[in-house]
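One structure is given below, encoded as structure tokens.
Derivation of every value follows stated rules applied to the coordinates shown; laboratory data play no part. Model, not experiment: these values are computed from the prediction. So basically every Cβ, Gly included, is an ideal-geometry build from the backbone, and we count neighbours across all protein chains shown.
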Amino acid sequence: MLTRKQHELLMLIHDRLQAEGVPPSFDEMKDALGLKSKSGIHRLVTALEERGFLRRLHHRARALEILKLPDAQGGMRIKSQNSFRPQVIQGDFSPLMGRAVEPIKERGAVEHLPLYGKIAAGTPIEALRDNGNFVEVPRSLLGAGDYYALKVSGDSMVEAGILDEDTVIIRRDDTAENGAIVVALVDGQEATLKRLRRKGNTIALEPANAAHKIQLYGADRVKVQGRLVGLIRKY
């Protein structure tokens with residue numbers, strides 16, 4: 001259970017992240033909660049960290065990540081969009097977390113998805129499409145819809161668990177909610193994998209690496225081409 005102040009602070013951070021993509025400053029938190037000093041905010045943030053509700057990213061100023069939210073009764077845990085990480089399939093389709101499994105041998109247990117070249121997870125590059133290459137993906141990873149795969153190039157999404165040379169699985173879509181990781185086509189010719197933020201007529205393509213800058217575009221310059229659902233990593 002959270003105290004009233006802990007709950008107020010958690011929801012304040014969550015709402016600001018959803019609206020603007022960045023958390024409030026400690027001064028803003030202090031004023032919003034009616035506290036006299038920032039030391040009280042530090043104690044509340046530490047308490048929320050210890051209870052597993054948020055995480056401080058120590059290499060970035062003002063960087064807080066919501067890990068879960070209480071429901072109205074304080075019980076259910078809800079993942080925040082900002083803590084989304086794709087499902088990962090390693091080598092022989094063994095899951096990253098949990099027990100090892102046998103390689104899939106059953107006929108029809110895999111889908112052959114088209115592999116559309118390399119996509120930058122750093123600076124946008126021209127979208128490449130090669131209809132001659134495919135990647136095998138467990139059918140259990142996929143839901144309804146149309147899917148394709150892209151090879152990641154770059155390190156701008158490492159804090160979201162997406163590494164250089166990973167193969168990302170994309171569900172074809174032309175819409176996405178704020179905070180979703182998407183394939184975005186910029187000016188009709190350059191594709192990039194980023195977290196999507198909308199504010200008014202502006203779209204921000206946000207990296208998950210402090211060494212990279214957020215890219216801002218007019219809404220008419222960016223087209224969503226798909227949403228990230230998982231990735232394959234080989235060792």
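What to note about this one:
- Protection-proxy order for peptides 175-186, 12-23, each taking the mean of Cβ atoms within 10 Å per residue, highest first: 175-186, 12-23
- Were the residues from A19 through I214 laid out at 0.36 nm apart, the gain over their Cα-Cα distance would be 68.6 nm.
- Environment charge at L35 (Cβ cut-off 10 Å; Lys +1, Arg +1, Asp -1, Glu -1): +4
- Qualifying trypsin sites (Lys or Arg not before Pro) for the stretch 143-235 [loop in DSSP, other Cβ within 10 Å: at most 14]: R172, K213, K234
- Close amide H pairs (under 5 Å, H built 1.01 Å from N) link S156 with A121, G122, residues at least 5 positions away or on another chain.
- Legend: distances between Cα atoms for K118/K213; K36/K199; K36/K213; K30/K194; pairs beyond 23 Å are K36/K199; K36/K213; K30/K194.
- The stretch 183-218 and the stretch 1-58 have Cα centres spaced 27 Å apart.
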